[in-house]
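A short worksheet on the structure shown next.
None of the figures in this text is laboratory data; all of them are computed from the coordinates on show. Remember, it's a predicted structure, so these values are computed and weren't measured experimentally. Note that we place each Cβ from the backbone using ideal geometry, even for glycine, and neighbour counts take in every protein chain shown.
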Amino acid sequence: MLVILLMQTATGPMDQFAFTHIAPHISKGRTDMMLIITFFGNHLFLIPANLLFLTYLLNKKEKAWAVLLLINSLGGLLLELLIKEVIHRYRPEDSLIPGGVPGWSFPSGHAMMSSLFYGILIYYGYNRFRENWQKRVWALLLVFFILIISFSRIYLRVHYLSDILAGLSAGFAWLVISVWLLNYLKPALKTES
């Protein structure tokens with residue numbers, strides 16, 4: 001539905017509403033803070049973070065989790081690139097990032113890839129922590145991190161709100177599919193060990 005709406009109009013009222021309500025709160029200090037926050041959803045951070053987590057999982061001999069991480073991250077990246085190439089939505093004008101940001105706007109790669117990486121960390125923690133309060137605190141912190149990274153992209157005027165919502169939705173959907181695929185492949189992974 002969101003894709004159909006985007007094909008009919010470049011930006012919708014929801015997108016303009018977000019920019020209009022953020023504009024009065026823009027300041028140099030907040031912009032500097034958002035530039036730092038947005039880095040944690042950037043490929044320059046997420047690629048090494050995924051590789052580090054993969055190394056950790058392999059060292060712990062957690063083969064199934066390593067496979068899940070690969071399906072989640074690589075499959076998610078391919079899905080993001082495919083959607084961007086199909087939609088071809090231009091980015092908002094007047095970016096607050098010096099020099100702007102190249103590439104298509106829809107969906108937000110930061111929102112999508114953050115929801116995938118931090119989402120798998122939530123799932124991993126949920127399966128590793130023993131106490132319910134630990135699971136809840138871990139999940140809340142990482143969900144907040146996903147949302148603040150996503151918000152930073154709107155604040156910095158490199159994505160529309162609809163780009164963010166699409167990125168979060170696609171990321172969450174792919175994470176669920178990745179977990180389902182892992183559960184489907186688990187018997188085969190156990191026989192190879």
Coil-residue trypsin sites (Lys or Arg not before Pro) of region 117-178, DSSP, other Cβ within 10 Å capped at 16: 130
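Show me the GluC sites (Glu not before Pro) within region 84-193 that DSSP assigns to loop and that have at most 11 other Cβ atoms within 10 Å of their Cβ.
Values: sites: 85, 93, 131, 192; in loops: 93, 131.
Qualifying residues, ordered by number: 93, 131.
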Among (1) 1.17; (2) 1.24; (3) 1.01, the entry derived from the coordinates for Rg/Rh (Cα atoms, Kirkwood Rh): (3)
Prolate/oblate/rounded label for region 109-164 (Cα gyration tensor, a/c 1.5): prolate
Spin-label model distance (nm) - residue 128 vs residue 183, 7 Å beyond Cα toward Cβ: 2.2
The chain: angle of helix 13-22 to the longest principal axis, Cα-based, in degrees nearest 10: 80
Proximal lysine pairs, the chain, alpha carbons under 30 Å, eight or more residues apart or interchain: 11
With Cα atoms, 0 to 90° folded angle of helix 161-192 axis to the chain main axis: 10
